[in-house]
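Asks: The structure under discussion is supplied below as C-alpha cells; questions concerning it will follow.
The values are calculated or read from the model by the stated rules, or taken from the named source; none is laboratory data. Predicted model, so just to flag it, every value in this text is computed and none were measured. For neighbour counting, all protein chains shown are included, and Cβ atoms are generated from backbone atoms with ideal geometry for every residue, glycine included. Quick note on the areas: whole protein, heavy atoms, side chains included, nothing else; ligands and nucleic acids left out. Shrake-Rupley method; radii C 1.70, N 1.55, O 1.52, S 1.80 Å.
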Amino acid sequence: MPNYRIIVDLSDRMLYLLDNNQVKRGFPVGIGTMLTQTPEGVYSIINKAPNPGGPFGAYWLGLSRPHYGIHGTNDPSSIGKQVSHGCIRMYNQDVIQLASLVSIGTSVTIRK
C-alpha cells in the first residue's frame, strides 16, 4: 500500500506527490499573491469534494488549516502564477488524478 504525502514548493510553484519519500509525480500549481500568501507549514487533508462549484474547478481537497485547500480552477492560465487567496490551484485533470490517489489524513507540507 502506498505511503503518500504531498510537498508544495512555493518557490518553484510545484506540488510533489511522494511515496515513501520518493517523488512519484510533480504538478504545476498556482499559489497565493504577495498579500494573500499560501501559508507555510504542515497540514493534512481533512475533506475531499468533487465538483465543489464556483472557481474551485473539478475537485476540492480541504486542508487542516481552515479556509485553505488544494483545488482545480476555472482559469487554467493562472497555473504557475501568484494569483490565489492562499489556496493551491491545479489544472483540473491534475487535481482529479491527485484526489484519486491520496486519502483523507494525507500529510501536506507547504514550504518555500
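Asks: Considering the range 63-105 alone, what residues qualify as being surrounded by fewer than 19 Cβ atoms within 10 Å (Cβ to Cβ), in contact with a Lys or Arg (Cβ under 7 Å, 6 or more places away or on another chain) and within 16 Å of ARG5 (Cβ to Cβ)?
Replies: ILE104
Asks: Counting only residues that are open to solvent by 30 Å² or more (accessible area, probe 1.4 Å), closer than 18 Å to LEU17 by Cβ and out of contact with any Lys or Arg (no Cβ under 9 Å at 6 or more places or on another chain), how many does the range 47-61 have?
Replies: Within the range 47-61, the first condition is being open to solvent by 30 Å² or more (accessible area, probe 1.4 Å), and the residues that meet it are 47-56, 59-60.
With the extra rule that they be closer than 18 Å to LEU17 by Cβ, the set shrinks to 48, 59-60.
Imposing the further condition that a residue be out of contact with any Lys or Arg (no Cβ under 9 Å at 6 or more places or on another chain) reduces the set to 48.
Selection size over the range 47-61: 1.
Asks: Would you pick out the residues in the range 26-49 that are more than 14 Å from TYR91 (Cα to Cα) and of a type outside the set (A, V, I, L, M, F, W, C)? Full working, then the answer.
Replies: In the first step, residues of the range 26-49 are kept if they are more than 14 Å from TYR91 (Cα to Cα); the result is 32-49.
Listed by number, the residues that qualify are GLY32, THR33, THR36, GLN37, THR38, PRO39, GLU40, GLY41, TYR43, SER44, ASN47, LYS48.
Asks: At least 1 residues that are closer than 19 Å to GLY105 by Cβ and of a type in the set (Ser, Thr, Tyr) in each: list the strands (runs of 3 or more DSSP E) lying fully within the range 32-83 that qualify.
Replies: Numbers: elements: 41-50, 59-63, 69-71.
In the range 32-83, the matching strands (runs of 3 or more DSSP E) lie at 41-50, 59-63.
Asks: Please indicate, with yes or no, whether at least one residue in the range 5-18 is under 12 Å from the mean Cα position of the chain (by Cα), farther than 10 Å from ILE110 by Cβ, part of a loop (DSSP other than H, G, I, E, B) and not acidic (Asp, Glu).
Replies: Of all residues in the range 5-18, those under 12 Å from the mean Cα position of the chain (by Cα) come to 5-10, 13-17.
Restricting the remaining residues to those that are farther than 10 Å from ILE110 by Cβ gives 5, 13-14, 16-17.
Right, trim to part of a loop (DSSP other than H, G, I, E, B) and you get 13.
Filter once more, so that each one left must be not acidic (Asp, Glu): 13.
The answer is yes, given that some residue of the range 5-18 is under 12 Å from the mean Cα position of the chain (by Cα), farther than 10 Å from ILE110 by Cβ, part of a loop (DSSP other than H, G, I, E, B) and not acidic (Asp, Glu).
Asks: Here is a follow-up. Between a first residue in the range 9-33 that is at negative phi and of a type in the set (Val, Ile, Thr) and a second residue that is part of a strand (DSSP E or B) and modelled with pLDDT under 95, which pairs have beta carbons less than 8 Å apart while being 6 or more apart in sequence or on different chains?
Replies: none
Asks: Here's a follow-up. I need the full set of residues from the range 22-36 which are open to solvent by 30 Å² or more (accessible area, probe 1.4 Å) and in contact with a strand residue (DSSP E or B) (Cβ under 8 Å, 6 or more places away or on another chain), in order please. First the steps, then the outcome.
Replies: Let us first name the residues in the range 22-36 that are open to solvent by 30 Å² or more (accessible area, probe 1.4 Å), namely 22-26, 28, 33-36.
Listed by number, the residues that qualify are VAL23, LYS24, ARG25, GLY26, PRO28, THR33, MET34, THR36.
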